[in-house]
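The values are calculated or read from the model by the stated rules, or taken from the named source; none is laboratory data. Predicted model, so just to flag it, every value in this text is computed and none were measured. FYI the Cβ positions are ideal-geometry reconstructions off the backbone, even for glycines, and counts take in every protein chain you see.
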Amino acid sequence: DTGVSQDPRHKITKRGQNVTFRCDPISEHNRLYWYRQTLGQGPEFLTYFQNEAQLEKSRLLSDRFSAERPKGSFSTLEIQRTEQGDSAMYLCASSPGLIFYEQYFGPGTRLTVT
Amino acid sequence: SQQGEEDPQALSIQEGENATMNCSYKTSINNLQWYRQNSGRGLVHLILIRSNEREKHSGRLRVTLDTSKKSSSLLITASRAADTASYFCATDAFGNQFYFGTGTSLTVIP
């Protein structure tokens, strides 16, 4: 059990550019979540995968955001045409998908849009 | 939008004292969880309490849940400097979305 990993840890990009983040969950976990966290706030749910199926997506999630989990293992989160308001910490979490379950979080990717 | 709301927003105590933080939520839940986040790091799960449970213990942690008041409390006994962190409650409203509160920032002074 090596834990949830995220790459990169930090990303600085210019407004209008596209960025992609990667999350590698704990290997036997079939649920994967993406959250966004801004300073002084709690994590905000973005989307959720059960294996390779994206089952839920926040209504707050702009069409510029897309996530994939092609083989039910790692996941990517892409933000197109980044805006300054996208600057935040993007957190990935995985869980074994039992009825009552805890989430294991990665260290996050900090995005700064200039 | 976030369903949970922690109170107080910030708490500062001396090492050895107990720390109590509260969480209120808006809708019926399946379970409630507490997480800790050290500065600039990911969240660490502390404890989960199911909607049909009223109290749960884990080491120095004690969690209570009052579903009639839609509230929970987290008590950390005999606090240590290493407990300095932000604490969040998260609720699962019978769906697959987890809603986190705004957090309580705890500072334990050595």
Restricting the range B:39-82 to residues that are of a type in the set (V, I, T) and more than 11 Å from chain A (Cβ to nearest Cβ), the one farthest from the chain's Cα centre (by Cα) turns out to be B:T67
Scanning the range A:70-88 residue by residue, those closer than 15 Å to A:R22 by Cβ and either within 14 Å of chain B (Cβ to nearest Cβ) or among the acidic types (D, E) (or both) turn out to be A:E78
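Is it true that some residue in the range A:5-15 is small (G, A, S), under 14 Å from the mean Cα position of the chain (by Cα), under 20 Å from B:L46 (Cα atoms) and not in a loop (DSSP other than H, G, I, E, B)?
Yes: the range A:5-15 contains one or more residues that are small (G, A, S), under 14 Å from the mean Cα position of the chain (by Cα), under 20 Å from B:L46 (Cα atoms) and not in a loop (DSSP other than H, G, I, E, B).
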With criteria (1) surrounded by 15 or more Cβ atoms within 10 Å (Cβ to Cβ); (2) closer than 15 Å to A:R69 by Cβ, A:S27 comes up short on (1)
By residue number, the members of the range B:61-76 that are surrounded by 14 or more Cβ atoms within 10 Å (Cβ to Cβ) and at negative phi are B:L61, B:R62, B:V63, B:T64, B:L65, B:T67, B:S71, B:S72, B:S73, B:L74, B:L75, B:I76
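When the residues of the range A:104-114 are narrowed to those that are assigned to a strand (DSSP E or B), within 11 Å of chain B (Cβ to nearest Cβ) and not basic (K, R), which ends up surrounded by the fewest Cβ atoms within 10 Å (Cβ to Cβ)?
In the first step, residues of the range A:104-114 are kept if they are assigned to a strand (DSSP E or B); the result is A:104-105, A:109-113.
Then drop every residue that is not within 11 Å of chain B (Cβ to nearest Cβ), which leaves A:104-105, A:109-110.
Those still in the list that are not basic (K, R) too: A:104-105, A:109.
Working: A:Y104: 20, A:F105: 23, A:T109: 22.
Per the stated criteria, the residue is A:Y104.
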Only one of A:L46, A:L32 is of a type outside the set (V, I, T), touching a Pro at 6+ places or on another chain (Cβ under 6 Å) and not in a loop (DSSP other than H, G, I, E, B), namely A:L32
Exception for A:G97 within (1) modelled with pLDDT of 95 or more; (2) within 14 Å of chain B (Cβ to nearest Cβ) falls at (1)
Only one of (1) aromatic (F, W, Y); (2) outside any strand (DSSP E or B); (3) in contact with a Lys or Arg (Cβ under 7 Å, 6 or more places away or on another chain) does not apply to A:Y101, and that is (3)
Picking from B:A10, B:A90, the residue that is closer than 30 Å to A:S5 by Cβ, within 14 Å of chain A (Cβ to nearest Cβ) and out of contact with any Asp or Glu (no Cβ under 8 Å at 6 or more places or on another chain) would be B:A90
Scanning the range A:40-59 for residues that are more than 8 Å from chain B (Cβ to nearest Cβ), loosely packed, with under 13 Cβ neighbours inside 10 Å and modelled with pLDDT under 90 gives A:R59
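Conditions (1) surrounded by 21 or more Cβ atoms within 10 Å (Cβ to Cβ); (2) assigned to a helix (DSSP H, G or I); (3) of a type in the set (S, T, Y), marked per residue:
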site	(1), (2), (3)
B:I13	no, no, no
B:T27	no, no, yes
B:L32	yes, no, no
B:L46	no, no, no
B:N52	no, no, no
Filtering the range A:69-96 down to residues that are closer than 24 Å to B:D92 by Cβ and assigned to a strand (DSSP E or B) yields A:S75, A:L77, A:A88, A:M89, A:Y90, A:L91, A:C92, A:A93, A:S94, A:S95
